[in-house]
Amino acid sequence: MTTENLRDYLLTFRQGVSNSYTQIFFARNSRMGILLMLVTLFDLYAGLSGFIAVAAANLAASLSGLSRQQIISGLYGFNPLLVGLGLGVYYEPGFVFFIVLVFVALFTLFVTVALEGMLSKYGLPYLSLPFLAGIWIVTLSTRQIPNLEISERGIYTLNEMYALGGTPMLQLYEWSNNLQWPMAVKAYFRSLGAIFFQYHLFAGLLVAIGLLIWSRLAFLYSVLGFAAAYLFYLFTGIAFTELSYSYIGFNFILTAIAIGAFFLVPSAYSLLWVIISIPLLAFLTLSGTTVLEIFQMPVFSLPFNLVVLVLLYQFRVRERYLQKPGLVLFQQFSPEKNLYSSLVNQHRMLHLGKIPLRLPFWGTWQVTQGVNGQHTHKESWKYAWDFEITDEDGLTYQNDGSKPEDYYCFGKPVLSPADGYISMVADGIPDNAVGDANLKNNWGNSVVIFHANGLFSQLSHLKNGSVCVQKGQFVKSGEQVASCGNSGRSPYPHLHVQFQSAAEIGSPTLDYPFASYVTRDKDKLIFHSSDQPAIKEQVMAIQPHHLIGNAFHFIPRQELIWEEEDVTDAVHRWVVETNAFNESCLKCLETGAKAWFVRPNDMFMFTHFEGDTRSLLYQFYLAAYQVVTADCPSLRLEEEITLSVYPNRLLKFVQDFAAPFYRFLGITYKHTQGPTRNTIEGSAVVLQSEVTSSAFGRIRKKTTYRIVADQNGLVSLSVIVDETQKNYRRVD
């Protein structure tokens with residue numbers, strides 16, 4: 001094994017162990033991992049048992065060829081960790097114990113992999129079900145192993161604390177126990193400690209600190225969930241003492257974090273579902289305890305697992321109210337990042353996963369009837385558009401407009417909105433005289449194109465004899481299929497466009513957006529992504545800009561090297577990486593920062609950033625947050641940037657607590673595309689953007705960026721703050 005391979009293996013091992021501790025809270029945070037590991041060491045043998053279980057499971061996962069990414073994330077280690085902690089608390093250490101421990105850790109890993117395969121088909125997590133399987137089976141079977149002795153630790157806790165850290169540790173422990181806090185508050189912290197089999201207040205205080213380090217929202221929802229449980233227990237008269245000292249309380253805490261802040265986007269709706277889950281958890285806790293007492297086994301986290309899995313499955317199969325609450329679609333292992341990304345991407349990312357459908361014509365057309373139209377486009381057929389061409393005076397025709405040929409759109413090419421197969425063709429229906437309508441053949445000459453299962457486009461009122469495709473033929477996006485006409489129920493020449501789920505002409509319409517287009521408002525161009533044109537809007541199909549498209553066409557393993565002007569040895573090296581899920585990012589080799597991006601049609605956009613915000617990559621993330629790769633000089637674009645990268649950490653810390661209910665911070669991104677400049681050296685285009693940070697509506701910071709691209713790709717990046725400008729030039 002080379003030194004580099006050994007270093008890589010040790011890094012993987014360290015990350016896998018650390019994340020195994022934090023994964024219990026669904027987190028990935030190294031500082032939190034160190035703190036939680038220290039908490040488990042309050043019972044030294046329990047902490048050691050947990051560590052051995054994690055190490056054995058991760059080593060076995062690695063030797064078995066399981067996913068390296070899953071090992072690093074702690075997903076294969078946290079259930080063996082819990083089993084190890086539990087067994088370390090219940091049994092005295094010894095040779096037989098550690099042999100049993102290793103094999104139980106392996107068994108828990110095997111159960112983890114099996115449940116992962118079964119539940120992932122339904123988009124569900126396995127949570128701590130492997131832990132339950134491992135600890136219950138071992139608890140039952142080890143009663144027949146006489147060489148395993150029940151532990152007596154915990155009886156003389158003061159002595160154990162003194163042995164662990166001397167007088168200072170003993171004083172801290174006594175201080176925490178002597179705090180004159182309400183019983184509910186103490187019960188909350190003891191329940192946090194009980195997650196790691198540490199049944200005292202001091203451990204819970206440290207776990208709470210770790211929770212705050214990772215996520216303010218997770219901490220908030222854990223408090224709210226536990227408070228709701230406390231009130232429910234008081235209201236129903238259930239003995240609250242059980243909640244104060246045992247593992248029962250953490251079922252409410254973990255459920256509140258999972259449902260309120262992690263798997264669902266944190267919001268008032270997710271909090272409502274946390275409150276709804278409280279009685280279910282209480283009933284399952286009481287009934288589970290009654291049943292399992294027969295076998296002298298604790299209920300552990302069974303209620304948490306059952307309630308979370310049932311609720312998540314319900315949210316995945318629903319058909320309506322998809323954002324009440326919304327599921328986290330791209331997990332960033334941070335409730336704050338999940339929430340802030342969801343807020344800015346609800347509209348911005350709507351096109352992802354959809355078949356991109358374009359406007360079926362060239363040039364600029366006007367919407368003369370849109371969704372829920374004035375004359376037609378009603379009820380089941382409301383999602384449709386009529387398009388015509390107008391002149392500078394807003395007229396749709398020349399001369400006196402008495403003939404179809406007078407209309408600007410008549411005879412213009414009609415294009416396929418996307419790749420697909422021709423499903424239906426109707427042709428041979430005469431074009432109407434202006435002002436007349438053919439009600440017998442309502443749709444007139446039409447073409448229906450199959451794009452994907454359940455997605456068809458219909459183009460109607462086409463010119464008689466102009467259909468140039470036949471049923472079953474494959475057509476490319478932008479390929480001409482006919483010409484605009486005046487057939488069917490069409491008193492004036494126009495193009496009718498609708499999307500539908502069936503192949504028959506005239507099928508009910510689908511609420512489906514166009515992938516991208518530009519609207520013209522006087523001299524201002526506005527870019528629309530995954531949107532639907534409105535009546536009277538001047539819409540324009542856009543053409544790709546080869547300079548911009550090439551500049552933002554990043555290839556896996558491609559390296560980009562930047563130098564800062566007038567600064568020696570200021571080199572910034574980036575590399576393009578793609579993970580197993582086909583997600584791409586730019587990675588800074590100096591800082592390890594990553595800027596994740598996607599390349600939908602006509603756009604380049606960053607989805608999120610992680611790492612050092614002092615790096616040049618972070619500035620580029622802001623500068624090119626969303627770039628239109630189409631040829632649209634004077635185009636202006638405005639978007640909101642996720643608050644995860646808000647520059648003032650103190651303000652963001654406060655905002656995190658209130659974010660699901662009220663937001664007082666904002667980051668705005670404005671982008672302008674300049675005209676293409678042609679020189680002796682070739683063509684170049686300048687992209688300018690402005691990022692503004694605000695608090696309570698007042699601007700706190702403004703940064704201006706300028707990116708230059710030519711036929712060789714990205715050329716330079718300028719960052720301007722106040723009157724200070726830094727220039728960077730690409731040198732690779």
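Could you check how many residues of segment 587-608 are surrounded by fewer than 16 Cβ atoms within 10 Å (Cβ to Cβ) and of a type in the set (A, V, I, L, M)?
2
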Those helices (runs of 4 or more DSSP H) completely within segment 122-228 that have 3 or more residues that are modelled with pLDDT of 80 or more and surrounded by 16 or more Cβ atoms within 10 Å (Cβ to Cβ) are 129-141, 183-194, 201-214
Can you find a residue in segment 31-44 that is in a helix (DSSP H, G or I), aromatic (F, W, Y) and over 21 Å from N579 (Cβ atoms)? no
In segment 201-221, anything among the hydroxyl-bearing types (S, T, Y) and closer than 18 Å to S30 by Cα is listed as S215
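Please give the strands (runs of 3 or more DSSP E) falling wholly within segment 624-732 in which 1 or more residues are among the small types (G, A, S) and under 30 Å from D521 (Cβ atoms).
Numbers: elements: 626-628, 635-640, 665-679, 682-695, 698-710, 713-721, 724-730.
By residue number, 665-679, 682-695, 698-710, 713-721.
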When (1) assigned by TED's automatic domain parsing to the domain that holds N453; (2) over 30 Å from K463 (Cα atoms); (3) not polar (S, T, N, Q) are applied to Y340, the one that fails is (1)
A careful count of residues in segment 550-586 that are surrounded by 14 or more Cβ atoms within 10 Å (Cβ to Cβ), under 25 Å from the mean Cα position of the chain (by Cα) and touching a residue at least 24 places away in the same chain (Cβ under 8 Å) gives 5
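For (1) under 16 Å from G225 (Cβ atoms); (2) modelled with pLDDT under 95; (3) crowded, with 20+ Cβ neighbours inside 10 Å; (4) under 14 Å from the mean Cα position of the chain (by Cα), each residue gets a yes or a no:
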{"position": "T255", "(1), (2), (3), (4)": "yes, no, yes, no"}
{"position": "P279", "(1), (2), (3), (4)": "yes, yes, no, no"}
{"position": "S334", "(1), (2), (3), (4)": "no, yes, yes, yes"}
{"position": "L343", "(1), (2), (3), (4)": "no, yes, no, yes"}
{"position": "R348", "(1), (2), (3), (4)": "no, yes, no, yes"}
- State whether one or more residues within segment 611-628 are surrounded by fewer than 18 Cβ atoms within 10 Å (Cβ to Cβ) and in contact with a strand residue (DSSP E or B) (Cβ under 8 Å, 6 or more places away or on another chain). yes
Picking from E319, E293, the residue that is under 27 Å from F197 (Cα atoms) and among the acidic types (D, E) would be E293
Considering segment 645-683, residues that are modelled with pLDDT of 90 or more and among the small types (G, A, S), and then whichever is nearest to L622 (Cα to Cα), we arrive at G666
Filter segment 487-529 for residues that are in contact with a helix residue (DSSP H, G or I) (Cβ under 8 Å, 6 or more places away or on another chain) and buried (at least 22 other Cβ atoms within 10 Å of the Cβ); the one that is modelled with the lowest pLDDT is S529
Just one listed residue, out of F97, F110, is part of a helix (DSSP H, G or I), touching a strand residue (DSSP E or B) at 6+ places or on another chain (Cβ under 8 Å) and closer than 30 Å to I145 by Cβ, and it is F97
Margin query: over 25 Å from S30 (Cβ atoms), assigned to a helix (DSSP H, G or I) and assigned by TED's automatic domain parsing to the domain that holds Q15: is that true of V104 in this structure?
Written below: yes
Residue count, segment 679-732, condition of a type in the set (D, E) and either exposed (fewer than 15 other Cβ atoms within 10 Å of the Cβ) or outside the structural domain of R573 (by TED's automatic domain parsing) (or both), comes to 4
Filtering segment 289-320 down to residues that are of a type in the set (K, R) and either at positive phi or touching a residue at least 40 places away in the same chain (Cβ under 8 Å) (or both) yields R316
Just to be sure before I move on: is T12 touching a helix residue (DSSP H, G or I) at 6+ places or on another chain (Cβ under 8 Å) and surrounded by fewer than 18 Cβ atoms within 10 Å (Cβ to Cβ) in the structure I sent?
yes
Looking across segment 68-94 at residues that are in contact (Cβ under 8 Å) with a residue 60 or more places away in the chain and β-branched (V, I, T), the single one that is nearest to S18 (Cα to Cα) is I72
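Looking at the structure I just gave you, is Q398 over 43 Å from the mean Cα position of the chain (by Cα) and of a type in the set (S, T, N, Q)?
Yes, satisfied.
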Among residues of segment 478-530 being over 18 Å from L459 (Cβ atoms), in a loop (DSSP other than H, G, I, E, B) and touching a residue at least 60 places away in the same chain (Cβ under 8 Å), the residue nearest to the chain's Cα centre (by Cα) is D511
Every listed condition ((1) crowded, with 18+ Cβ neighbours inside 10 Å; (2) at positive phi; (3) not in a strand (DSSP E or B)) holds for G394 save (1)
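Residue by residue, here is whether (1) modelled with pLDDT of 95 or more; (2) surrounded by 15 or more Cβ atoms within 10 Å (Cβ to Cβ); (3) small (G, A, S); (4) under 30 Å from A534 (Cα atoms) holds:
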{"position": "R316", "(1), (2), (3), (4)": "no, no, no, no"}
{"position": "Q323", "(1), (2), (3), (4)": "no, no, no, yes"}
{"position": "L327", "(1), (2), (3), (4)": "no, yes, no, yes"}
{"position": "Y340", "(1), (2), (3), (4)": "no, yes, no, yes"}
{"position": "I355", "(1), (2), (3), (4)": "no, yes, no, yes"}
{"position": "Q369", "(1), (2), (3), (4)": "no, yes, no, yes"}
{"position": "Q398", "(1), (2), (3), (4)": "no, no, no, yes"}
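The values are calculated or read from the model by the stated rules, or taken from the named source; none is laboratory data. Here the structure is a predicted model, which means the values were calculated and not measured. Because the Cβ atoms are built from the backbone with ideal geometry, glycine has one as well, and the counts that use them run over all protein chains shown.
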